[in-house]
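Here is the structure we will look at.
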Amino acid sequence: MNTLMAVVLLVLLAALFGALLGYAAVRFKVESDPIVEQIDNILPQTQCGQCGYPGCRPYAEAIANGDEINKCPPGGEAGVKALADLLGREPKPLDESLEESVPKVAVIREDECIGCTKCIQACPVDAIVGAAKLMHTVIADECTGCDLCVPPCPVDCIDMIPLTNNDLHHWQWPNPNSEPHSPFESEQIIPVKQVS
Amino acid sequence: MLKSSPFNQASNSVTQLMLQVILATLPGALIMFYFFGWGVLFNLLTCSLVAMASEAAILKLRGRDFKSGLSDYSALVTGILIGLALPPLAPWWVAVIGTFFAITFAKHVYGGLGYNPFNPAMVGYVLLLISFPVAMTSWLPPQNIATNAVNFLDSLNLFLFEIDSQGNKLNFYLQNADGFTMATPLDELKTGLSMGFTTAELQDKLILTGWVNQGWQWVNIAFLVGGLYLLTRKVIHWYIPVGMLGAIFLTSGLLTWIDPDLHISPMTHLFSGATMLGAFFIATDPVSAATTPKGRIIFGAGIGFLVVIIRNFGGYPDAVAFAVLLLNMAAPLIDHFTQPKVYGTRDA
Amino acid sequence: MDSIQYTTQYQFHGGIHPEEHKELSNQHSIGELGVPPQLNIYLGQHNGQPALPVVNVGDYVKRGQLIGRMQGNLSANVHASSSGTVKEIALRPVAHASGMNDLCVVIDTDGNDASEYLEPIADYASVNKQVLLDRVAEAGIVGLGGAAFPSNIKLMPRVNHLIINAAECEPYISCDDRLMRENADELINAIQCVQSIIGAQHCTIGIEDNKQEAINALLLAIEKQDPNNNSHFQICVVPTKYPSGGEKQLIELITGKQVPAQQLPLALGIIMHNVATALAVYRAITKGEVLTQRLMTITGKAATIRGNFWTRIGTPFDWILEQAKVNTQVLDRVIMGGPMMGFEIQKLDSGTVKSTNCTIFAETNELATSNNSLPCIRCGLCADACPVSLLPQQLYWHSKSEEFNKAEHYNLFDCIECGACSYVCPSNIPLVQYYRFAKNEIVRQSDEKAKASHARERHEFRELRLQREKAERAERHRKAAEARKKAAMQKGEADEKKATIADAVARAKARKQQSKD
């Protein structure tokens, strides 16, 4: 009899707590951005397609579906690290076939331009203006430096100029932190010899 | 590297702060030496040496510059605090184990100076108290009222070999005028209370046997003096000591008011055990304490409250170490909830 | 009427008492530094847009002639500080913390110092406010306390309370002190002028109690210029404590009120001007003088000649170094501004700017240079010293570990970079430098984010447009096909008719033929 009571009580309790937890899960559900949005927010939006997808958003979707996180050269190592943090994956070096790229801007040598409009069609962010048979130009502020306009140009008149930002207006105070971020991160407290 | 302003530094340094703390422990240490004899000195010496040696060894292991690491004297402060907290004539290995553990595990495993969440000295002390309860609660009676005072040579023998030249063990020296073995007044009160005596009776007995107004009171007064020195030199702030002593006074006052027979009076609380040492030297360790002004008052008050609760209801006679460690754990939370109001948000 | 001079009853949180070293420079009366052989005038020396050069290389310019015109609303005119020939308009080293180059006008002076000033406005009270504001803008006047914010903008609003900042709380600097001692009469007129532009009923001069002589001079001048105190002058003596001269700190000291976070003193109906700025405004209006010189303190133990000197804007630091007979053997560093908030001049051929209130030629060990910082021991001295009641320690941890959103949560952007926390830190941690780095980095990252989201928008819009175009094209094709079909059908019908008619005609013909036959 006692055993039965115990079993019944436990079952009741389990049911009660289960219901409580279930209710709490529904009632206090944390709304968050869908994972694709969060990934897309980390990607640099150059829309360069070096990852093999036609733009940042498709790559974000691909990552959410399990693709590698190290295929975005404009995002660089920092981008890979941010993605790794977000997704709880291991950060890995950039894909070897891709090189980390510096920010660049496209510039058309205007006297050589024949006005073929091919680059205009290639630009993912509509940063090139011009009409057929007329000279084209790049709106520098809108250009993401994706390189996509370079191959279609039949007269090779587009240069990718690295953005140096090496002037007083872009100058920043240096990071005084020459030490590691935390004593745990880059230095073992109990020294361990790294073999290999 | 490019250096930005200010190009100006107040002439203070961690080393100076630590040296002032060490200086401020002197009155207390001297009074303890006067009442409890050579054992105090042996403890202080051993703990200081072991602290510096462990610090140097670990810094070397960690590949840090151990000369500059030692010169901040933070390890020395830890060593001295443990030395002051140990019972005189506890065997040498007690001091060694406690100090080594404090420096190695409580300090450096967490990242060294500035990174330890717990007060290293108290971690070492608590480790000893739990591991060697007998050695850690065998306090000598003040030498001026002790039946068997202990001289330098016997002290040394007891400290090193746990037996003196006549073959007496430490117990021999622990007996008081009545021939009974006694612990600290707090211990005595606690045992008495649990045996059904009232505090009044116990106080009488303590006064008769010369415990009250002797020894411990003077030790506490000496640490209070050292603490006041630290306050005037602005090495510490009033927040933590006032919070802690105030809370001890209020909590014990309330308990005494509820039932004076069963609870130790506020004044006894304030001037016995490690109260003053704790309030001015241990709880004020900035690394492991709360940092906001309000937070520090709360931090101190929490320690004071727990000290009284543990002393009155807990299993150990003194409670400063446990209270400090418990509040160390709470410090980040306290800080989080006591952020000061930034300029411009004070009033509408 | 209350007494004109009173001591403040309020105080601000924190603050420090660094050694003042004002006696190094405030013992001598004001001198003239003279005209250097070459002027190196920086076109971006004020807050806001850099000025646009309006002279050409080889042009002859007079003192006071416009060489850089303001661009946009937040900008200031730049003038030649002496007569001579424009040698270069090029990137030259400038007085900036970065030590980098920027656009400057270099003038080879001819020593004649021929000048060209504006028409004086004698009776400013009867002139429209806009005319006065235009004059101040034309004269290129900016805040001379150090911020270099265009003054015409700060004179625009009408408020009830004008505060003149004469606290001069930074160590070493004494130019405002000497100015008040020696030019008190003119200063009182100048303050009245500023007061009338702003339309303020009350005017408080905030001054630290270490400048008793200046206070006395001002009191005497007020008695002389305005015996009944119709301008409602008050001199508020504040305790000597750094940074009492910070705008928000001085307002709290004088009024007991705090400027609401992220707002301007305007929210309290207050406007604050530096004492030297008031004088510059007054001279621009009543004498037509444009801003070509300012009073600058030359100090530091490496300098032999110390004191306060009228210095032309654009005077190269290496020339000042010669004039001050600096002992280069012991010279450790040259600092522009005070030791607390100034910066090191890395290239001595750069010229002074409008905000150069002080040049310190520091000898070895005069100013702390230690680079060895110990770990933070959380002593909290920094939080005690912070005039904004921040928790510098938490800001430090978060800035150091680059957790910028947490640093922002701890109100990083309320930090005024006064340096009090670094000053008191026993571990010698460059706290302010961490905050500067973190602020820069946060701004950069948010710019980058904004740029990325803009690019995303444009990309998405393009995708949408392409889709729409595709749909439109498809629609057009469909329509065209239909039209063709219809046309084809119509054509078919017409052919049928024609065929029928032709058939009929043929039949008729055939019949005719038959009948004929």
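Values as computed for the structure displayed
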quantity: Any hit, region B:43-53, residues being under 17 Å from the mean Cα position of the chain (by Cα) and open to solvent by 60 Å² or more (accessible area, probe 1.4 Å); calculated: yes
quantity: Residues within region B:306-334 that are open to solvent by less than 10 Å² (accessible area, probe 1.4 Å), touching a helix residue (DSSP H, G or I) at 6+ places or on another chain (Cβ under 7 Å) and either at pLDDT 90 or above or small (Gly, Ala, Ser) (or both), tallied; calculated: 8
quantity: Cβ pairs under 7 Å, 6+ apart, first in region C:246-270 and more than 10 Å from chain B (Cβ to nearest Cβ), second basic (Lys, Arg); calculated: C:251/C:257; C:268/C:257
quantity: Conditions (1) touching an Asp or Glu at 6+ places or on another chain (Cβ under 8 Å); (2) assigned to a helix (DSSP H, G or I): number failed by residue C:322; calculated: (1)
quantity: Unmet requirement for residue C:327, which otherwise passes all of (1) more than 9 Å from chain B (Cβ to nearest Cβ); (2) open to solvent by less than 30 Å² (accessible area, probe 1.4 Å); calculated: (2)
quantity: Out of A:7, A:30, sole residue that is β-branched (Val, Ile, Thr) and modelled with pLDDT of 85 or more; calculated: A:7
quantity: Odd one out for residue B:303, checked against (1) open to solvent by less than 30 Å² (accessible area, probe 1.4 Å); (2) not in a helix (DSSP H, G or I); calculated: (2)
quantity: Condition broken by residue B:157, with the remaining ones in (1) under 26 Å from residue B:27 (Cα atoms); (2) crowded, with 17+ Cβ neighbours inside 10 Å satisfied; calculated: (1)
quantity: Pairs with Cβ under 7 Å, 6+ apart, first in region C:158-172 and polar (S, T, N, Q), second in a loop (DSSP other than H, G, I, E, B); calculated: C:160/C:200; C:160/C:201; C:160/C:269; C:165/C:145; C:165/C:245
quantity: Filtered residue count, region A:35-64, keeping only those that are within 13 Å of chain C (Cβ to nearest Cβ), open to solvent by 10 Å² or more (accessible area, probe 1.4 Å) and at positive phi; calculated: 1
quantity: Residues within region B:298-348 that are under 18 Å from the mean Cα position of the chain (by Cα) and within 14 Å of chain C (Cβ to nearest Cβ), tallied; calculated: 3
quantity: Of all residues making up region C:414-444, the number that are surrounded by fewer than 21 Cβ atoms within 10 Å (Cβ to Cβ) and in contact (Cβ under 8 Å) with a residue 24 or more places away in the chain; calculated: 7
quantity: Count - residues of region C:84-128 that are among the small types (Gly, Ala, Ser), surrounded by fewer than 19 Cβ atoms within 10 Å (Cβ to Cβ) and assigned to a strand (DSSP E or B); calculated: 2
quantity: Residues (of a type in the set (Lys, Arg), in contact with a helix residue (DSSP H, G or I) (Cβ under 8 Å, 6 or more places away or on another chain) and open to solvent by 50 Å² or more (accessible area, probe 1.4 Å)) located in region A:65-99; calculated: A:89, A:92
quantity: Matching residues in region B:291-300 - criterion: being more than 11 Å from residue B:244 (Cβ to Cβ) and either among the acidic types (Asp, Glu) or open to solvent by less than 30 Å² (accessible area, probe 1.4 Å) (or both); calculated: B:291, B:292, B:295
quantity: Only listed residue being small (Gly, Ala, Ser), at pLDDT 90 or above and farther than 30 Å from residue B:288 by Cα, chosen from C:399, C:389, C:446; calculated: C:446
quantity: Any hit, region C:181-195, residues being crowded, with 21+ Cβ neighbours inside 10 Å and not in a helix (DSSP H, G or I); calculated: no
quantity: Verdict on residue C:368 being modelled with pLDDT under 90, over 30 Å from residue A:41 (Cα atoms) and within 10 Å of chain B (Cβ to nearest Cβ); calculated: yes
quantity: Verdict on residue C:173 being at pLDDT 90 or above, surrounded by 24 or more Cβ atoms within 10 Å (Cβ to Cβ) and either outside any strand (DSSP E or B) or of a type outside the set (S, T, N, Q) (or both); calculated: yes
quantity: Where residue C:244 falls short, out of the listed (1) open to solvent by 10 Å² or more (accessible area, probe 1.4 Å); (2) within 25 Å of the chain's Cα centre (by Cα); calculated: (1)
quantity: Residue list for region C:420-436, filter: of a type outside the set (S, T, N, Q), more than 11 Å from chain A (Cβ to nearest Cβ) and under 19 Å from residue C:171 (Cβ atoms); calculated: C:420, C:421, C:423, C:424, C:425
quantity: Residue, farthest from residue B:249 (Cα to Cα), within region B:306-318, restricted to residues that are in contact (Cβ under 8 Å) with a residue 40 or more places away in the chain and not in a helix (DSSP H, G or I); calculated: B:316
quantity: Subset of region B:279-297 [at the interface with another protein chain (Cβ under 10 Å from one of its Cβ atoms) and among the basic types (Lys, Arg)]; calculated: B:296
quantity: Helices (runs of 4 or more DSSP H) contained in region A:51-144 and holding at least 2 residues over 14 Å from the mean Cα position of the chain (by Cα); calculated: A:118-122
quantity: Hits in region B:19-33 (condition: within 14 Å of another protein chain (Cβ to nearest Cβ) and buried (at least 23 other Cβ atoms within 10 Å of the Cβ)); calculated: B:21
quantity: Condition broken by residue C:277, with the remaining ones in (1) surrounded by fewer than 18 Cβ atoms within 10 Å (Cβ to Cβ); (2) assigned to a helix (DSSP H, G or I); (3) out of contact with any Asp or Glu (no Cβ under 8 Å at 6 or more places or on another chain) satisfied; calculated: (1)
quantity: Tally of residues being buried (at least 16 other Cβ atoms within 10 Å of the Cβ), in a helix (DSSP H, G or I) and out of contact with any helix residue (DSSP H, G or I) (no Cβ under 7 Å at 6 or more places or on another chain) across region B:246-290; calculated: 1
quantity: Where a residue in region B:91-114 is within 14 Å of another protein chain (Cβ to nearest Cβ) and its partner, wherever it lies, is surrounded by fewer than 18 Cβ atoms within 10 Å (Cβ to Cβ) and of a type in the set (Gly, Ala, Ser), with Cβ under 8 Å and at least six apart; calculated: B:111/A:182
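Conditions (1) in contact (Cβ under 8 Å) with a residue 40 or more places away in the chain; (2) touching a Cys at 6+ places or on another chain (Cβ under 9 Å); (3) within 11 Å of chain B (Cβ to nearest Cβ), marked per residue:
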residue: C:331; (1), (2), (3): no, no, no
residue: C:347; (1), (2), (3): yes, no, no
residue: C:353; (1), (2), (3): yes, no, no
residue: C:360; (1), (2), (3): yes, no, yes
residue: C:377; (1), (2), (3): yes, no, yes
residue: C:380; (1), (2), (3): no, no, yes
residue: C:387; (1), (2), (3): yes, yes, yes
residue: C:391; (1), (2), (3): no, yes, yes
residue: C:412; (1), (2), (3): no, no, yes
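The values are calculated or read from the model by the stated rules, or taken from the named source; none is laboratory data. Every value quoted in this text rests on a predicted model; they were computed, and no experiment measured them. Here the Cβ is made from the backbone with ideal geometry for all residues, glycine too, and neighbour counts use every protein chain on show. Protein only, heavy atoms only, side chains kept; ligands, DNA and RNA dropped before computing areas. Shrake-Rupley method; radii C 1.70, N 1.55, O 1.52, S 1.80 Å.
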